[in-house]
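The structure appears right after this line, and notes come after that.
Taken together, the values in this text are just the output of simple stated rules run on the coordinates, not laboratory data. Only a predicted model underlies this, so the values are computations on that prediction, with no experimental measurement involved. Every residue, glycine among them, receives a Cβ derived from its backbone with ideal geometry; neighbour counts consider all protein chains shown.
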Amino acid sequence: MTRGRAGVALRDEVDTEAVAEFRQRYGDTRLAEVTVVIAAYNEAANIAAVLDTIPSTVCGLPVAALVVDDGSDDGTVAAARAHHAFAARTTRNRGQGAALRLGYHLAKSHGARYIATTDADGQYDASELPLIIQPLLDDTADFVTGSRRLGLYTTDDVVRHAGVHVFATLMSVIARRRVTDTSNGFRAFRAGVLDQLILEQPQYQATELLIGVIYRGFRVVEIGTSMRQRTSGSSKKGPNLVYGYRFARVILRTWLREWRRNRQEHRRLADPPPKAADDQVERPRVMRDAS
Ligand SMILES: Nc1nc2c(ncn2[C@@H]2O[C@H](COP(=O)(O)OP(=O)(O)O)[C@@H](O)[C@H]2O)c(=O)[nH]1
Ligand SMILES: [Mg+2]
């Protein structure tokens, strides 16, 4: 991937091909105002159940699901399309971060105003979408991230559990504010936020996103949400120690990069982000629903 450019422009031929195929299938269809992007790698056994729990409206806004099949060979893309999701497919597996980035590009260029993410393995509860969308509509946050420690966490993996605490402490030092969960994949943000973020991690994007939004001065809010065990299969990110090592490396590299970037721009951590074009656009009118 090309380094150091902010925004979600296409990076390589895998992106270009996937977008061309997406446009051939869907034309310039507008996605919903709230688009839930889901990166999926060989999740045919889980994706249908995840999609079936995504509500059609959240806080009065229409919702669409956009699955990015990250080079699966188990029929994930067909399962997604059979369950009313928009789906893009890459010709090879690159990692969750690269897949999400492509999803953000598609969501933004097809009209999404708010982008949410969840996992394809059933670990998050889509009925909790209002919790992470409402602060964006209230204009009290630009980026809302779920926190298992403020919400509900079921796991029997003590190493991972300890890791969540250790990384949260490290992140709190880096961010100079309390952060309780650094790797939560259930989050939502204004699509315009992406214009200012550098996203180059092909796999471990969670902390790159989080450090990015905090160092750019966006209003970041953590909300207690639920996190369960995977519905089936096991994590594909490697054993805990490898995961932990790579994760720590991403945190430290991103921290250094964002710290330098702010210094070059004579910005301080608490400075608000430069005004983006997206902020000029009138906010959508929200019809309240029962949720
Ligand atoms: N691990 C992994 N997950 C991917 C990849 N591409 C997309 N994903 C999706 O990213 C999400 C998180 O992956 P998972 O292996 O469950 O990671 P974990 O929850 O952090 O242990 C799932 O929805 C995967 O299907 C990839 O290359 N590797
Ligand atoms: Mg998982």
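See the values below:
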quantity: For the range 180-193, Karplus couplings with θ = phi - 60° (6.51, -1.76, 1.60), whole Hz, Gly/Pro x; calculated: 9, 8, 9, 10, 7, x, 9, 7, 8, 7, 5, 4, x, 4
quantity: Whether the range 1-90 is rounded, prolate or oblate, judged on the alpha carbon gyration tensor where a/c under 1.5 counts as rounded; calculated: oblate
quantity: Pairwise FRET efficiency - residue 261 versus residue 234, Cβ, R0 = 30 Å, nearest 0.05; calculated: 0.25
quantity: The range 55-104-the range 127-205 distance, computed between alpha-carbon centres (Å); calculated: 20
quantity: Charged-residue dipole, Cβ positions (Lys, Arg, Asp, Glu), the chain about Cα centre, Debye nearest 20; calculated: 1080
quantity: Computed lengthening from residue 6 to residue 241, 0.36 nm per intervening residue step minus Cα-Cα distance; calculated: 81.5 nm
quantity: Residues whose placed amide H lies under 5 Å from that of residue 67, excluding near-sequence neighbours; calculated: 38, 86, 87, 88
quantity: Cβ-Cβ FRET estimate between residue 92 and residue 159, R0 fixed at 45 Å, reported to 0.05; calculated: 0.90
quantity: DSSP beta bridges in the chain [antiparallel fraction, %, rounded to 5]; calculated: 30
quantity: Span-like helix ranges in the chain, DSSP H, alpha carbon extent 27 angstrom or more, Kyte mean at least 0.0; calculated: none
quantity: Environment charge of residue 70, counting only residues whose C-beta is closer than 9 Å and scoring Lys/Arg +1, Asp/Glu -1; calculated: +2
quantity: Mean Cα-pair separation over length for the chain, i.e. relative contact order, pairs under 8 Å, 6 or more apart, %; calculated: 22
quantity: Net charge, residue 261 excluded, C-beta distance under 10 Å - Lys, Arg +1, Asp, Glu -1; calculated: +3
quantity: Residues 213, 164 arranged by fewest to most Cβ contacts within 10 Å; calculated: 164, 213
quantity: Most positive-pole-ward Cα, 174, 240, 197, against dipole of the chain from beta carbon charges; calculated: 174
